[in-house]
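Below you'll find the structure, written out as structure tokens, and then a few comments.
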Amino acid sequence: MNGLFKIDIALKSVHSITPELLGENNISGLLLDLDNTLTTHDNPRPADGVIEWIETMKESGIKMLIVSNNHFERVKPFADKLGLEFICEGKKPLSDGFNRAQKRMNIPFKNLAVVGDQIFTDVLGANIRRVRCIYVFPIEHEKKGFLKFKRKIEVPFLPKKLYNQK
């Protein structure tokens, strides 16, 4: 799918992102979403395996920064657990948070990728800013409210196959 909802790489989860995959795609920095990408909504603990994945990325020289629409009180304690810098109230899909993150990381946009689970914030935001997008499926689907509704209207834009899948 092209245009505003283009996904460059679709994967099951962040665990599928490897230093080799990033190297093949000339990506040296990741702009990471928080909720349902690194953990479930409002969960103060990283999902299983995320701490180890972050360490692997760091050891491989991959720079990472959390860009979240959440407030400081949610993002800071979580980012501290992972030893990552962060941008809170990132205003995704607008470019403000991505622009601030890129300046802080000092990596050209052509070498960055947005990693996230939401079509109308992460994917749309990446395409508005013209930065590559790595879509990961949500850790768990929301069971109520606006996010449940949003998940239903995302369906037509979801990737039909995972990266490197024939």
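The values are calculated or read from the model by the stated rules, or taken from the named source; none is laboratory data. The structure presented is a predicted model; accordingly, all values stated were derived computationally and were not measured. Cβ sites come from the backbone with ideal geometry, for glycine too, and all protein chains shown count toward neighbours. Just so you know, the surface numbers come from the protein's heavy atoms only, side chains and all, with ligands and any DNA or RNA stripped out. Shrake-Rupley method; radii C 1.70, N 1.55, O 1.52, S 1.80 Å.
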The stretch 146-160 - residue that is under 18 Å from the mean Cα position of the chain (by Cα) and in a loop (DSSP other than H, G, I, E, B) and, of those, farthest from residue 118 (Cα to Cα): 159
Can you tell me how many residues in the stretch 83-106 are open to solvent by 10 Å² or more (accessible area, probe 1.4 Å) and hydrophobic (A, V, I, L, M, F, W, C)? 5
Among the residues in the stretch 57-68, are any modelled with pLDDT of 95 or more, out of contact with any helix residue (DSSP H, G or I) (no Cβ under 9 Å at 6 or more places or on another chain) and among the small types (Gly, Ala, Ser)? no
Is it true that residue 77 is touching a residue at least 12 places away in the same chain (Cβ under 8 Å), farther than 16 Å from residue 114 by Cα and part of a loop (DSSP other than H, G, I, E, B)? no
Per the filter on the stretch 1-52, residues free of Cβ contacts under 8 Å to residues at least 60 places away in the same chain, of a type in the set (Val, Ile, Thr) and open to solvent by 10 Å² or more (accessible area, probe 1.4 Å) are 18, 51
